[in-house]
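Below is one structure, written out as structure tokens; comments come after it.
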Amino acid sequence: MQQRQELELDELYRELILDHYKNPRHHHPLAHAAVVAEGYNPVCGDEIEMQLNFDGEKLTEIGIIGRGCSISRASGSMMSELVEGRNIDEIRHLTQEFQHMLTAPEAEVPADLGDLEALQGVGKFAVRVKCATLAWHTLADGIAQHEKGDGIVRREEA
Ligand code: ZN
């Protein structure tokens, strides 16, 4: 019975990931973007361009375009829903929670991570972790650019 429940849970997660992959949220360029951050994960070939607008400490708009595997796209889509309209401090806190979740696949997932809970199992597959964290690293780069007052940044995961 225990085994069966776990399987059903995984199925639910798989559907959630697939939904975000097929219908990614905020998957459009912005009319005007103050900051553009690009991220590339050569291990998998995931490529994203993230467009961002800020009002001081607040991320007011996010648009993510690019292509990649289901994990990278779902992670970016889920993240975009969570971070738009939040302050930078809150985004950094969520980023830490998300990264911790991936390193602790058995730990309880903080409720404020929302749909991202579905990606917890990715932490068990080292090569896929970069797919899941690419959008987050790219957003962190974008925030750093905003704080420096620069516009464009490009990252390539090592
Ligand atoms: Zn990937």
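Brief remarks on what is shown
- Each residue in region 126-148 was checked for being without any contact (Cβ under 8 Å) to a residue 60 or more places away in the chain and touching a helix residue (DSSP H, G or I) at 6+ places or on another chain (Cβ under 9 Å), and 4 pass.
- The one condition in (1) crowded, with 17+ Cβ neighbours inside 10 Å; (2) within 16 Å of the ligand (Cβ to nearest atom) that Gln120 fails to fulfil: (2)
- Residues that are in contact (Cβ under 8 Å) with a residue 24 or more places away in the chain and polar (S, T, N, Q) were ranked within region 38-90; the one that is nearest to the ligand (Cβ to nearest atom) is Ser72.
- Pairing residues of region 15-33 that are within 10 Å of Met78 (Cα to Cα) and in a loop (DSSP other than H, G, I, E, B) with residues that are at pLDDT 95 or above and of a type in the set (S, T, N, Q), at Cβ distances under 9 Å and at least 6 apart in sequence or on separate chains, gives Pro24/Ser77; Pro24/Ser80; Arg25/Ser77; Arg25/Ser80; His26/Ser77; His26/Ser80.
The values are calculated or read from the model by the stated rules, or taken from the named source; none is laboratory data. Values in this document were obtained by computation on a predicted structure and should not be read as measured data. Cβ: placed from backbone, ideal geometry, glycine included. Neighbour counts: every protein chain shown.
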